[in-house]
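Undergrad: First the structure, then my questions, so here it is.
The values are calculated or read from the model by the stated rules, or taken from the named source; none is laboratory data. These numbers come from a predicted model, not from an experiment. For neighbour counting, all protein chains shown are included, and Cβ atoms are generated from backbone atoms with ideal geometry for every residue, glycine included.
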Amino acid sequence: MQPAIRKTLSTLLIAALLCVGSLGLTPGALAQSGGGFGGSSSGGGSGGSSGGGYSGGGGYSGGGYSGGGYSGGGYSGGYRGPIIINGGGYGGGMGFAGGMGIVPLLIFGFVIFSVVRGMRRSMSHAGGGTRGLAGISGTAQAVSVQLLLAEGDEVKRALQRVAQSGDPDTNAGLARMLQEAALVLLRHPERWVYGNVERAQGDPSAADSQVGTWATEARAAFTEQTTSNYQNRDPNSGFVRRDDYSFQADGTDLYLAVTIAVAAHTLSNLPPAGVTNAAEARAALAAISSVSPGDLIRAEVIWSPDVEGEFLSEEEAIRKYPQLTRL
């Protein structure tokens, strides 16, 4: 009887562990398409460009998403000191699909939150105020505008056209792509539902790295990059469009997420930090659209979903982008 009881208990324990582990497997953990383009200027933060995915510190040397796993966009290197002026912590919805239980996840999250909060506080005390940036030698600015739009296949198509026709390998081409992406969002304010504007300041390398971090967070919300155009020193081969992606449509899905992040030596008319509303998002996009090629350090544009007809459900949107506020 003892071996039988032991076997039964072992079976029940394994089943319980599998049930707990499956709590991390939500519908959002399934495949999700996304698109993106961007790069660093030739005289930008801390490196040149040679490839597609972000590899930390401003250079490009990878391929972005490929077949479900991000293979070039992870932020590498230590904290370089950008001072976050406003904006909440990242809650990007990467999802834990393993067998980790709820309690360890909560403990892990608390530890990470405490470390990041302490780091930001110490950097804020060291960095002083946030005014008069243009007069401080060696200071650069970074801003990220993230919007959740109600549907908007026409927005996807417009961003895809920018990716296809643009040339991120030149400063002028990258600045033009950034301007056109900002204008795409400015032309559709009626679709804005939620938004978040974040700012940072520091030396050019730090601003470049902060934009890389924001971009990686945005990419973590999807698994399949189906549209991309990143620097590869060849204007004829940078654009990639995949047609092998498929999804199961759900009539209740409503939302499209778009993130535009930029680092520049000067960001004119950037609105003061505050609680994000439609006016602030509009002003930040206008500031982004006016960045000149000479001032540009780095630009990243990411959207998800990318495939026509695919959208995020409200549950997915809340889980993947919890830092957004209603506009």
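Undergrad: Here is a check on your reading of the model: is LEU312 modelled with pLDDT under 95 and surrounded by 15 or more Cβ atoms within 10 Å (Cβ to Cβ)? Break it down into steps so the answer makes sense when it comes.
TA: Working: modelled with pLDDT under 95: yes; surrounded by 15 or more Cβ atoms within 10 Å (Cβ to Cβ): yes.
Yes: the conditions hold for LEU312.
Undergrad: May I pose another question? When you scan segment 203-228, how many residues do you find that are surrounded by fewer than 22 Cβ atoms within 10 Å (Cβ to Cβ), within 12 Å of the chain's Cα centre (by Cα) and of a type in the set (D, E, K, R)?
TA: Summing the residues that are surrounded by fewer than 22 Cβ atoms within 10 Å (Cβ to Cβ), within 12 Å of the chain's Cα centre (by Cα) and of a type in the set (D, E, K, R) in segment 203-228 gives 0.
Undergrad: Looking at segment 270-283 only, could you name the residues that are of a type outside the set (A, V, I, L, M, F, W, C) and assigned to a helix (DSSP H, G or I)? Break it down into steps so the answer makes sense when it comes.
TA: Going residue by residue through segment 270-283, those that are of a type outside the set (A, V, I, L, M, F, W, C) are 271-272, 274, 276-277, 280, 282.
Listed by number, the residues that qualify are GLU280, ARG282.
Undergrad: Further, regarding this structure: With closer than 24 Å to GLY173 by Cα and either among the basic types (Lys, Arg) or modelled with pLDDT under 90 (or both) as the only criterion, which of PRO293, PRO235, PRO272 stands out?
TA: Working: PRO293 fails: either among the basic types (Lys, Arg) or modelled with pLDDT under 90 (or both); PRO272 fails: closer than 24 Å to GLY173 by Cα.
Sole residue among the options that is closer than 24 Å to GLY173 by Cα and either among the basic types (Lys, Arg) or modelled with pLDDT under 90 (or both): PRO235.
Undergrad: Condition check: within 13 Å of the chain's Cα centre (by Cα) and buried (at least 16 other Cβ atoms within 10 Å of the Cβ). Does ASN232 satisfy that?
TA: Values: within 13 Å of the chain's Cα centre (by Cα): no; buried (at least 16 other Cβ atoms within 10 Å of the Cβ): yes.
No: the conditions fail for ASN232.
Undergrad: Another one. When LEU267 is evaluated against the numbered criteria (1) modelled with pLDDT of 95 or more; (2) outside any strand (DSSP E or B); (3) among the hydrophobic types (A, V, I, L, M, F, W, C), which criterion, by number, is the only one it fails?
TA: Exception for LEU267: condition (1).
Undergrad: Does segment 148-158 contain at least one residue that is part of a helix (DSSP H, G or I), at pLDDT 95 or above, of a type outside the set (Lys, Arg) and surrounded by 15 or more Cβ atoms within 10 Å (Cβ to Cβ)?
TA: Checked against the condition, which is being part of a helix (DSSP H, G or I), at pLDDT 95 or above, of a type outside the set (Lys, Arg) and surrounded by 15 or more Cβ atoms within 10 Å (Cβ to Cβ), segment 148-158 yields at least one hit.
Undergrad: Moving on. Out of ALA299, ALA317, ALA286, I need the residue that is assigned to a strand (DSSP E or B) and either in contact with a Gly (Cβ under 6 Å, 6 or more places away or on another chain) or touching a residue at least 40 places away in the same chain (Cβ under 8 Å) (or both). Which one? Give the steps one after another, and end with the answer.
TA: Numbers: ALA317 fails: assigned to a strand (DSSP E or B); ALA286 fails: assigned to a strand (DSSP E or B).
Exactly one residue qualifies, and that residue is ALA299.
Undergrad: Looking at segment 178-202, which of the residues that are part of a helix (DSSP H, G or I) and within 17 Å of the chain's Cα centre (by Cα) is surrounded by the fewest Cβ atoms within 10 Å (Cβ to Cβ)? Let's see the steps before the verdict.
TA: Taking segment 178-202 first, the residues part of a helix (DSSP H, G or I) are 178-186, 189-191.
Next cut, within 17 Å of the chain's Cα centre (by Cα) only: 178, 181-182, 185.
Working: LEU178: 30, ALA181: 28, ALA182: 23, LEU185: 27.
Here the answer is ALA182.
Undergrad: For residues in segment 251-283 being within 20 Å of GLU180 (Cβ to Cβ) and without any contact (Cβ under 8 Å) to a residue 40 or more places away in the chain, which is nearest to the chain's Cα centre (by Cα)?
TA: Looking at the filtered set, the residue picked out is ALA283.
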